[in-house]
Amino acid sequence: MTETKELLWEYRDTEWPFTDTDHDRLIARAIVFDKEGYFYFVRAVRNDEFGPATLIETSGGGVEPGEDLVSAIRRELKEELGADADVIAKIGTVSDYYNLIRRHNINNYYLCRVRSFGDKHMTQDEIERFHLSTLRLRFEEAVAEYERCTDSRLGRLVKQRELPVLIRAKELMDTLSETE
């Protein structure tokens, strides 16, 4: 894994009123790209306590007990994208909140290059509740998709958290390609 300056971002939930936070969730997420310069995301179509929303989101999820962050990101990439990938660098950490469910999210973002794709191994919730599918987009298309998904409160929170990380990932990719 390449050593880079990890960034730390912190965002508040301005979509729902704050009452209190009763739990933290440690999360591993990835900005995934291929040798052709495409990025891979998940599309979620959901209608739950957050309301109806169609979202673009990075692949990732909760870190299981006893699991380290890199193992978690490898597992999540196989589950959601069916991807085997090299972890290139840690981009940084985003601390954000979902006031509606009283949760503090600690998102650890990694830059990952796809080696290959195989079968996905999604959970029942990912299939039936969130209707996850894969998006393959150029950088500009991904930025536009984050903008398009701000028609929901949850979409605005996800964009707030992820768009700065995507921009930083693109900067890292450009720097890494100059040194290769």
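The values are calculated or read from the model by the stated rules, or taken from the named source; none is laboratory data. Small disclaimer: the values here were computed from a predicted structure and weren't measured. Virtual Cβ from ideal backbone geometry, glycine too; neighbours counted across all protein chains shown. We work out accessible area using only protein heavy atoms, side chains counted, and drop any ligands, DNA or RNA first. Shrake-Rupley method; radii C 1.70, N 1.55, O 1.52, S 1.80 Å.
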Legend entry - Number of the exception - THR150 against (1) of a type in the set (S, T, N, Q); (2) closer than 24 Å to PHE50 by Cα; (3) part of a strand (DSSP E or B): (3)
Inset, instruction - Go through (1) more than 19 Å from TYR110 (Cα to Cα); (2) in contact with a helix residue (DSSP H, G or I) (Cβ under 8 Å, 6 or more places away or on another chain); (3) acidic (Asp, Glu) and name the single condition GLU67 misses. - result: (1)
Legend entry - Only listed residue being over 14 Å from the mean Cα position of the chain (by Cα) and either closer than 29 Å to ASP151 by Cα or modelled with pLDDT under 95 (or both), chosen from TYR11, TYR40: TYR11
Inset, instruction - Go through THR21, THR14, THR4 for me and flag whichever is in contact with a His (Cβ under 9 Å, 6 or more places away or on another chain) and either buried (at least 17 other Cβ atoms within 10 Å of the Cβ) or in a loop (DSSP other than H, G, I, E, B) (or both). - result: THR21
Inset, instruction - Look at the stretch 47-77 and say how many of its residues are in contact with a strand residue (DSSP E or B) (Cβ under 9 Å, 6 or more places away or on another chain), more than 23 Å from LEU166 (Cα to Cα) and open to solvent by 40 Å² or more (accessible area, probe 1.4 Å). - result: 3
Inset, instruction - Select from the stretch 127-147 the residues that are assigned to a helix (DSSP H, G or I), of a type in the set (Phe, Trp, Tyr) and closer than 16 Å to ASP48 by Cα and list them in ascending order. - result: none
Inset, instruction - Give the stretch 24-43 a look and list any residue that's in a strand (DSSP E or B) and either open to solvent by less than 30 Å² (accessible area, probe 1.4 Å) or in contact with an Asp or Glu (Cβ under 6 Å, 6 or more places away or on another chain) (or both), or say none. - result: ILE27, ALA28, ARG29, ALA30, ILE31, VAL32, PHE33, PHE39, TYR40, PHE41, VAL42
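Condition check: farther than 22 Å from GLU15 by Cα and among the charged types (D, E, K, R). Does ASP48 satisfy that? Full working, then the answer.
Numbers: farther than 22 Å from GLU15 by Cα: no; among the charged types (D, E, K, R): yes.
No: the conditions fail for ASP48.
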Inset, instruction - Would you check which residues across the stretch 133-152 are open to solvent by less than 70 Å² (accessible area, probe 1.4 Å) and either modelled with pLDDT of 95 or more or of a type in the set (Phe, Trp, Tyr) (or both) and list them? - result: LEU135, LEU137, PHE139, ALA142, VAL143, ALA144, GLU145, TYR146, CYS149, THR150, SER152
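Please enumerate the residues belonging to the stretch 111-132 that are at pLDDT 90 or above and either open to solvent by 40 Å² or more (accessible area, probe 1.4 Å) or β-branched (Val, Ile, Thr) (or both).
ARG113, VAL114, ARG115, SER116, PHE117, GLY118, listed by residue number.
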Inset, instruction - Name, by its number, the condition in (1) touching a residue at least 60 places away in the same chain (Cβ under 8 Å); (2) open to solvent by less than 20 Å² (accessible area, probe 1.4 Å) that does not hold for THR93. - result: (2)
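Could you check how many residues of the stretch 153-173 are open to solvent by 10 Å² or more (accessible area, probe 1.4 Å) and under 19 Å from GLY51 (Cα atoms)?
Here is the first cut: in the stretch 153-173, the residues open to solvent by 10 Å² or more (accessible area, probe 1.4 Å) are 153, 156, 159-160, 163-164, 167-168, 170-173.
Checking which are under 19 Å from GLY51 (Cα atoms) leaves us with 153, 156, 159-160.
Of the residues in that region, 4 qualify.
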Legend entry - Odd one out for ALA53, checked against (1) in contact (Cβ under 8 Å) with a residue 40 or more places away in the chain; (2) farther than 20 Å from GLU147 by Cβ: (2)
